[in-house]
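Below you'll find the structure, written out as structure tokens, and then a few comments.
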Amino acid sequence: MKKLSLLLSLFVLCVVQAQDKEYTHSLKGVKKVQVTSNASIKVLASATKNLMMTCIKDPKCEECKEDHNHHNVGWSVRGERSERKQKKKDKRAGLTPIYPGGKDDTNGFGFSITKEGNTLIIEDLKSHLQSNNIQLEIPKNLDLSVDSGNLGSITIKGFSSEVEAESNVGAIHMTDVTGPITAHSSTGPINIDFIKVNQSSPITVSSSVGEIDVSLPSNTDANLDINTNGTVYTNFDLKQKAKKDLPQVSGNRKITSPINKGGVKIKLKSSLGNIYLRKK
């Protein structure tokens, strides 16, 4: 029992120390943040004026047990133990990692940061076998573009700006957003919960195979364009126009309908997955 308590204490200590570490970068003159990674990305809106990068340390990592500064901010570590030991050996020899994609600008996080015009570009320099999950915090009014590569998932919360998200296998989750939104996943599911809907630009959500689940406030004014070979489920009162003398000859379900007074175009498309449109 004492051994179990000791292990739990070490686990909590490791997690707390990992969460205390962070990397910050100035957002002066920045209107959009663009993130590309080969792992999962979580982006939270915050009151901070700077970009803040953090992550959670994996307590199973052998190097983390001996060096709390390993990975600088406690990444979720991937790779074989032998590879970790080699990294440790290289670190002791005074060597620093060099990546084909460029120089690490994040003090050990493994990302490059460049600025083009008013866009801050954050790019993962590691391969998908070495990439680590990250959490970013930026102001909610900055435009955001996130690409999680082949395997990573995307979580976005609290933004009142334009958001773009793209994944391959990983899921896309957004909450407390207003749009405009552009989201695409090849096979992963997409879940978006709008706190309200911005009427300025169209919203497009698409997935080749995965299901789409979208929640809108009950008073949302929009024109819906829904297209799927799966099934559409909704508790909105849709007013679809009947097509006279044109019988349906395929399994495709295409629904066009205004909700409430009509307004911004909301396009939901999944080639094979079901589509869920919820009124809240």
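The values are calculated or read from the model by the stated rules, or taken from the named source; none is laboratory data. All figures in this text were calculated on a predicted structure; none of them were measured in a lab. Counting neighbours? That spans all protein chains shown, and the Cβs are built from the backbone with ideal geometry, glycine included.
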Could you list, ordered by first residue, the pairs with Cβ atoms under 8 Å in which the first is in segment 128-153 and at positive phi and the second is among the acidic types (D, E), at least 6 apart or interchain?
G149/D124
Regarding segment 235-258, can at least one residue be identified that is modelled with pLDDT of 90 or more and under 18 Å from S200 (Cα atoms)?
yes
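With respect to S26, is the statement that it is modelled with pLDDT of 90 or more and surrounded by fewer than 17 Cβ atoms within 10 Å (Cβ to Cβ) true?
Yes.
Results for (1) farther than 20 Å from K32 by Cα; (2) buried (at least 20 other Cβ atoms within 10 Å of the Cβ); (3) over 18 Å from the mean Cα position of the chain (by Cα); (4) not aromatic (F, W, Y), shown as yes or no for each residue.
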{"site": "T182", "(1), (2), (3), (4)": "no, no, no, yes"}
{"site": "I190", "(1), (2), (3), (4)": "yes, yes, no, yes"}
{"site": "N198", "(1), (2), (3), (4)": "no, no, yes, yes"}
{"site": "S201", "(1), (2), (3), (4)": "no, no, yes, yes"}
{"site": "V209", "(1), (2), (3), (4)": "yes, no, yes, yes"}
{"site": "L216", "(1), (2), (3), (4)": "yes, yes, yes, yes"}
{"site": "A222", "(1), (2), (3), (4)": "yes, yes, yes, yes"}
In the list L95, L51, which residue meets the criterion of being surrounded by 18 or more Cβ atoms within 10 Å (Cβ to Cβ) and at pLDDT 60 or above?
L51
